[in-house]
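Student: This is the structure I have questions about; it appears just below.
The values are calculated or read from the model by the stated rules, or taken from the named source; none is laboratory data. This structure is a prediction, so every number in the text was calculated from the model and none was measured. All Cβ positions, even for glycine, are placed from backbone atoms using ideal geometry, and neighbour counts span all protein chains on display. Ligands, DNA and RNA are excluded from the accessible area calculation, which covers all protein heavy atoms including side chains. Shrake-Rupley method; radii C 1.70, N 1.55, O 1.52, S 1.80 Å.
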Amino acid sequence: MHLLFPSDPFNKKRPDEQYAEEYDLVVAAGLQVALFSFEDFETGVFKTSVPFTPGACVLYRGWMLTPDAYAALIVHLHDNGAVEFTNAIQYRHCHHLPEWYPLLIAHTSETVVLDCNANFKQALDGLHWPGYFIKDYVKSLNTGAGSLVETPECIGPLVEAMRQYRGQIEGGICVRRREQYLEETERRYFVLLGQAYGATDEVPALVTECARLIDSPFFSIDVVLRSDGKLRVVELGDDQVSDRKEWAAERFAWMLSRAG
């Protein structure tokens with residue numbers, strides 16, 4: 001397995017600062033690595049710091065990509081004689097909430113998926129939820145007043161704020177029922193080739209169950225304790241573009257080495 005990292009925008013021989021520690025540790029673990037200019041890739045140009053061995057299986061670790069951009073990256077890999085670790089369908093499956101939600105509906109907050117220009121008050125009439133958490137298919141708004149609103153009438157202005165701060169809405173709008181979670185209990189787990197890993201050796205049974213339900217070789221699961229003590233899934237993501245959060249870089253590199 002080869003790992004593909006974005007290079008520093010000003011020095012294509014070094015990884016981007018965001019991934020430098022992880023890069024050095026996977027090299028120390030004996031994994032094959034390559035760099036590419038993300039800025040060049042965005043203009044349609046793709047060149048790696050070292051050539052891939054023929055048939056190399058490439059795992060991307062870098063900036064978030066839309067499913068279309070990820071599909072374009074796969075085309076470049078194929079043109080360079082390599083194959084992708086995660087295919088385009090698997091990437092979308094974990095990257096977009098409406099893709100994975102039906103499989104984990106029993107373990108996560110109730111969600112209604114709407115067009116970004118929907119009449120939210122009309123679409124949500126009769127729900128009377130205790131609050132509404134708003135995000136597009138991928139992200140919520142982490143600036144201003146945040147992504148929680150009390151009534152459907154407040155959703156439209158929040159969506160406009162998302163457009164303003166982020167420049168686009170990816171997919172549509174996911175309206176999630178507000179649940180009361182215990183502070184400081186959210187944890188991120190990774191699933192690599194069907195095996196669930198945590199920042200420590202402890203992995204909850206819920207995470208192991210989710211690992212069996214999701215068809216992807218490498219993804220992240222965020223879980224949190226609800227106020228009634230029940231563990232809930234709050235997010236799923238393709239791990240090629242997921243932050244490590246509370247994970248030490250050394251443990252993350254160790255996990256990757258087990259698949260390499």
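Student: Look at the range 19-49 and say how many of its residues are open to solvent by 50 Å² or more (accessible area, probe 1.4 Å), more than 23 Å from Arg258 (Cα to Cα) and in contact with a strand residue (DSSP E or B) (Cβ under 8 Å, 6 or more places away or on another chain).
Tutor: The qualifying residues number 2.
Student: Right, here's the next one. If Leu114 passes every condition in (1) on the phi < 0 side of the Ramachandran plot; (2) open to solvent by 40 Å² or more (accessible area, probe 1.4 Å) but one, which one does it miss?
Tutor: Unmet for Leu114, out of (1) on the phi < 0 side of the Ramachandran plot; (2) open to solvent by 40 Å² or more (accessible area, probe 1.4 Å): (2).
Student: So which residues in the range 211-229 are in a loop (DSSP other than H, G, I, E, B), under 24 Å from Glu84 (Cα atoms) and either free of Cβ contacts under 8 Å to residues at least 60 places away in the same chain or open to solvent by less than 60 Å² (accessible area, probe 1.4 Å) (or both), if there are any at all?
Tutor: Result: Ile214, Ser216, Pro217.
Student: Also: Hey, any hits in the range 62-72 for a residue that's of a type in the set (A, V, I, L, M) and not in a helix (DSSP H, G or I)?
Tutor: Yes, the conditions are met somewhere in the range 62-72.
Student: Just checking, which of Arg187, Arg166, Arg177 is surrounded by 13 or more Cβ atoms within 10 Å (Cβ to Cβ), modelled with pLDDT under 95 and of a type outside the set (Val, Ile, Thr)?
Tutor: Arg166
Student: Can you find, within the range 78-98, the residue that is surrounded by the most Cβ atoms within 10 Å (Cβ to Cβ) among those that are in a helix (DSSP H, G or I) and free of Cβ contacts under 8 Å to residues at least 24 places away in the same chain?
Tutor: Ala88
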